[in-house]
């Protein structure tokens, strides 16, 4: 075989690791544009975290599970989420590439681990987009009926979701939810810079609404409503934490846009931490106001803040909050569809899925093909399936990704302590271990239907991996020749490649620019 055309595989087989110094293959039509600054990244993170959690979930948990202690439910969930966020932040600074948990798992724990996490996230992120679209559609329909406009029954909901008094079979499609999914997909195809402007505007609206709730609502707080503070005991507070945990992540989807950051190694870790901190502060303030304005037994579990303001004679403000909440929740759809397309793009570029999907638009430098496919799939789920069935797809894969990332950051810290990290997870290994334990604990709450769907999806992924991905992986292809002989980085002459002399196979090569002898000064503890 000619020099520079030796094969990379099979190396360590399904656990071969992608080298840190591998050169990303150019995608057909070019790569991703670096257009996102620190505050745009932070806005994308906040946009994913703050959504139904503050506008719906806070009231429901306060009323049914935790009472005023919903404040501590959010704090506990936030602390547990921060354990995973720190791990994501370390990886985001060290591996500023598209794909997030998929890429981290691939480089540290092996190809098969990365494949399964990437495959899971494709389903989870698309399902989240669909769930949010269905939820917004319900608010929109309620708003139209409130002003005397009734949608034709055939476009008012998914089949089988007809309310009492409506003939079974009258609903054909949730048309508004379909249009929302396709609209977000169209926005993302216009370029990440333009899309980020939309995200930033709506995140600003979202923050303004929460601040309006706090500033106005504090004048109507009655401290007597805080008693009893723990009506459901410590168990209710912990159960509430399990419920609201799904309102305190989203930075994971934001981290998939690392390659589109202007300075990912510095900005991505900060954006992850900033987005979680900003969101937690707003959650705590909003919970204090909500449970102070009304006794927990009187809080409306579906529209808590709107009902609370209506109860003090500010119904008009409740309507403003409801409309603003619906509009601002669009940012959740944006971030998770962005996440789905970037994971898909990264997997295709690595050869685990056909490279046809990794083509980027020559003008906007975004993966248009996968964006439209994700938009259509989410539209089908939102338009033709009940929200409960879609929602059950959204939990287990993201928690599994948290487990993988937290384990991987521990493994890599001890395997390669010399890699230059712009952010270092504090309290190693205790903090990421907390992330692992809490995520596994939450997974244990999921029902057997969720496990069944998860198992079927993994089985499909396993078949695709061994039928296509293993053989077509970049790690199983000839390395391109380089001037002067030898192989390009990632090939057998590269110390990070399988079968090479030097560090172990896969993810143990030095990062771009060479490995430092230790962490840079001031990089943290």
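The values are calculated or read from the model by the stated rules, or taken from the named source; none is laboratory data. Since we're looking at a predicted model, the values are computed, not measured. Using ideal geometry, Cβ is built from the backbone for each residue, glycine included, and neighbour counts are taken over all protein chains shown.
Structure above, values below:
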| item | result |
| --- | --- |
| Yes/no for residue 117 being under 14 Å from the mean Cα position of the chain (by Cα), at pLDDT 90 or above and closer than 30 Å to residue 455 by Cβ | yes |
| Hey, residue 4 modelled with pLDDT under 85 and surrounded by fewer than 24 Cβ atoms within 10 Å (Cβ to Cβ) or not | yes |
| Per-region count, segment 153-188, residues over 29 Å from residue 199 (Cβ atoms) and either touching a residue at least 24 places away in the same chain (Cβ under 8 Å) or part of a loop (DSSP other than H, G, I, E, B) (or both) | 14 |
| Of the criteria (1) surrounded by fewer than 23 Cβ atoms within 10 Å (Cβ to Cβ); (2) closer than 30 Å to residue 364 by Cα, which one residue 104 fails | (1) |
| Checking residue 245 against (1) farther than 25 Å from residue 423 by Cα; (2) in contact with a helix residue (DSSP H, G or I) (Cβ under 8 Å, 6 or more places away or on another chain), the condition it does not meet | (1) |
| Conditions (1) assigned to a helix (DSSP H, G or I); (2) out of contact with any strand residue (DSSP E or B) (no Cβ under 8 Å at 6 or more places or on another chain): number failed by residue 301 | (1) |
| Filter result for residue 136 (at pLDDT below 85, part of a helix (DSSP H, G or I), farther than 26 Å from residue 363 by Cα and within 23 Å of the chain's Cα centre (by Cα)) | yes |
| Residue within segment 34-43 that is over 25 Å from residue 328 (Cα atoms), modelled with pLDDT under 90 and either outside any helix (DSSP H, G or I) or in contact with a helix residue (DSSP H, G or I) (Cβ under 8 Å, 6 or more places away or on another chain) (or both) present | yes |
| Residue within segment 460-477 that is assigned to a loop (DSSP other than H, G, I, E, B), at pLDDT 85 or above and over 23 Å from the mean Cα position of the chain (by Cα) present | yes |
| Flag for residue 418 being surrounded by fewer than 18 Cβ atoms within 10 Å (Cβ to Cβ), touching a residue at least 12 places away in the same chain (Cβ under 8 Å), touching a helix residue (DSSP H, G or I) at 6+ places or on another chain (Cβ under 8 Å) and assigned to a loop (DSSP other than H, G, I, E, B) | no |
| Residue in segment 427-448 that is part of a helix (DSSP H, G or I), closer than 18 Å to residue 110 by Cβ, at pLDDT 85 or above and under 22 Å from the mean Cα position of the chain (by Cα) present | yes |
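For (1) surrounded by 24 or more Cβ atoms within 10 Å (Cβ to Cβ); (2) at pLDDT 90 or above, each residue gets a yes or a no:
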site: 49; (1), (2): yes, no
site: 60; (1), (2): no, no
site: 67; (1), (2): yes, yes
site: 84; (1), (2): yes, yes
